[in-house]
Structures are given as C-alpha cells and as structure tokens.
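**Student:** Can you keep this structure in mind? I'll have questions shortly.
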Amino acid sequence: SSYVSAYPSSVRSTSAVFSQSFAMPSALQVLVALRSFAYPGQHGASAARLRQAFLRLAARELSEGQLEGLRGAFLRLDRDGDGALSARDLLGTLNSNKDVNLGIYDEGAYPMPKSSDLFSSWAGFGDASSSADEAEIRSLMAVAGTAGDAMLGFSDFLAVMLPDHIAMYEGQLMDAFRRLDVHGTGMLTRQALMETLQVGKAVTAQEVELLNAGLPQELGFHGFRALLGVQVLQ
C-alpha cells in the first residue's frame, strides 16, 4: 500500500494501539471534519489550502496500523461499495441514524480529542447541522476529494479525518516536511508553497494568483506542524 511507511513493525504496532484511544468517527463527526477541512474560516483561503495540501501529504506517511480503524469507518460509509464516498453515501448514513458509530470502540470510554486551536474554532462551523443536504455535502467533497465528481477516495478521507482521529509520530511529520524541503534547508520557500497549493483540487489561474498573494515568504517545520494541527507522539 502507498500509505505504509518504512517504519519498523514495532512502531506500527505502537501506533495501532494508540490509535484505538481515539473515538471512531460517527457520520456526524465525518461531516464536522469535512467542514473543518473545506472552509477557510477566519484564517484565510491561503492558509486553509496549504493545510489541505499538507494533510494529504502527511496522510501518505501513515502506517497500516494507524489507518486501520479509519479504513473500517470508510467501508461502512461506502454504502454502495464502489470504493469512494459520495454525498449520497454520507447523507444516507446521516439520515438513517445521525449518531451512528462507524467503529467498534466505545466513544464514552474514549472521548474525542479536541482539534487544534488554530483551525477548530471557525465561527459557524463548529457543529454539524441537522440541516445538511446533498448540495452542501457535494460542495464539501468537491474541495476535499481528488477522486473526481465530488467523491472522496480513501486517501482523501484520511486527510480529512487525520487531525482528530490519528496520532502521528514526530518523525513521520518530519518525513512529510522533507518531501517538500527538497534542498534540505529546513525552510519551505514561497515557491515551494506555491507548488504545494497545486496538490488536490484543481484551481483556476486567477484563484492561484489570489492564493499565492496570501502565502508567507518561507515556512519552517514548526509552522508546518502547527498548520497541520494533528496529535503528535514524540
């Protein structure tokens, strides 16, 4: 699998045990995660788009043990079994039981960790509204998905759910950062950040110009890590 890192089996095993301390997501929590991933909120479009690209990159470093729980949730959400999540898949689960738990673990015993302060407090998007409809979910999936036609593949789903449902090792985050730091300087240049924005959803030249205008001149590892907002194991 492209998601299995080169970490030894002992690390993968530890990761798997830790990942079980996170509540498996309900369909409602998936909707909340989609909104948090897609909406720029008060932090601006450039920061939000960078975070989306960074989360997709970080998801590539996950071991099989880390992603195992979310694989089960993905399969349960994929109601038609076509290997991708559509707005209809998620809406169907929400309508059938808004609080359905998609995993095998007890949410009461394992409370959901809080999101990063940097991105979780976006006004208006902290709670999943019961009025969510297919049009809204399609628009969210159009931003988050790379599978085409407003669909989420499993790698997209991992990127969306990563901040609140999987803990990563510092070394995994560093490996993701190094994928972008091709010159090994410890800093991502504005040019590297501009190229990173091209990952994922296609954008127009005008959108790219506006996004580029909001980028910093450079970004180090600590800024990269803070922007991700993921739970980190030392």
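Each value in this text was obtained by applying a stated rule to the coordinates, not by laboratory testing. Note that the structure is a prediction, hence the values are computed from the model and not measured. Ideal geometry is used to build each Cβ from the backbone, glycine not excepted, and the neighbour counts take in all protein chains shown.
**Student:** Can you give me the distance in nm between label points at residue 45 and residue 149, each placed 7 Å from the Cα along the Cα-to-Cβ direction?
**Tutor:** Distance between the two pseudo-spin positions: 2.8 nm.
**Student:** Mind ranking 133-141, 154-162 by how tightly packed they are, going by the mean number of other C-beta atoms within 10 angstrom, highest first?
**Tutor:** 154-162, 133-141
**Student:** Between residue 76 and residue 64, how many nm apart are label points set 7 Å from Cα along the C-beta direction?
**Tutor:** It works out to 2.2 nm between the two label points.
**Student:** Rounded to the nearest 0.05, what FRET efficiency is calculated for residue 190 and residue 142 with R0 set to 35 Å and r the Cβ-Cβ distance?
**Tutor:** The pair residue 190/residue 142 has a calculated efficiency of 0.85.
**Student:** Sticking with this structure for a sec: Please work out how much length the chain gains when fully extended from residue 178 to residue 217, using 0.36 nm per residue of separation minus the C-alpha to C-alpha distance, in nm with one decimal.
**Tutor:** 12.3 nm
**Student:** For segment 26-87, compute the orientation-averaged projected area of the C-alpha convex hull (one quarter of its surface), in nm².
**Tutor:** Projected area, direction-averaged: 5.0 nm².
**Student:** What does the net charge come to around residue 36 if you take all other residues with beta carbon closer than 10 Å to its beta carbon, with K and R at +1 and D and E at -1?
**Tutor:** Once positives and negatives cancel, what remains is +1.
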